[in-house]
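Down below is the structure, laid out as structure tokens.
The values are calculated or read from the model by the stated rules, or taken from the named source; none is laboratory data. Because the structure is a prediction, the values reported are computed rather than measured. Note that we place each Cβ from the backbone using ideal geometry, even for glycine, and neighbour counts take in every protein chain shown.
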């Protein structure tokens, strides 16, 4: 998805994202909580689950997650936890709205 961004926009996003190393078992976001960060997985494997449905999917490097909350202003729709040591990059709602949200405009 981010490959669709112009080079200058992608470089700006990279400068504004925060990099974080996470240990196995770390919960990056929890279903139902309020949070506005958008994430990109750089390394490792993350598990996505929902209370009502259980395990949903695995995320691998290059995958993104957490776009629903900042885009729609609603609580988290899933829980995401590290299965292995992982590295993520994230940005706040302001950065998401400015640089990433336009990629979702075609969905509206």
Conditions (1) more than 13 Å from the chain's Cα centre (by Cα); (2) part of a strand (DSSP E or B); (3) surrounded by 15 or more Cβ atoms within 10 Å (Cβ to Cβ): number failed by residue 88: (1)
Condition met for residue 72 (more than 15 Å from residue 2 (Cα to Cα) and in contact with a strand residue (DSSP E or B) (Cβ under 7 Å, 6 or more places away or on another chain)): no
Options 90, 49, 57: the member that is in contact with a strand residue (DSSP E or B) (Cβ under 7 Å, 6 or more places away or on another chain) and either without any contact (Cβ under 8 Å) to a residue 12 or more places away in the chain or on the phi > 0 side of the Ramachandran plot (or both): 57
Residues being assigned to a loop (DSSP other than H, G, I, E, B), farther than 21 Å from residue 97 by Cβ and over 11 Å from the mean Cα position of the chain (by Cα) - total across the range 53-77: 3
Verdict on residue 102 being out of contact with any helix residue (DSSP H, G or I) (no Cβ under 8 Å at 6 or more places or on another chain) and modelled with pLDDT of 95 or more: no
Residues located in the range 18-44, provided they are free of Cβ contacts under 8 Å to residues at least 60 places away in the same chain, farther than 14 Å from residue 79 by Cα and in a loop (DSSP other than H, G, I, E, B): 44
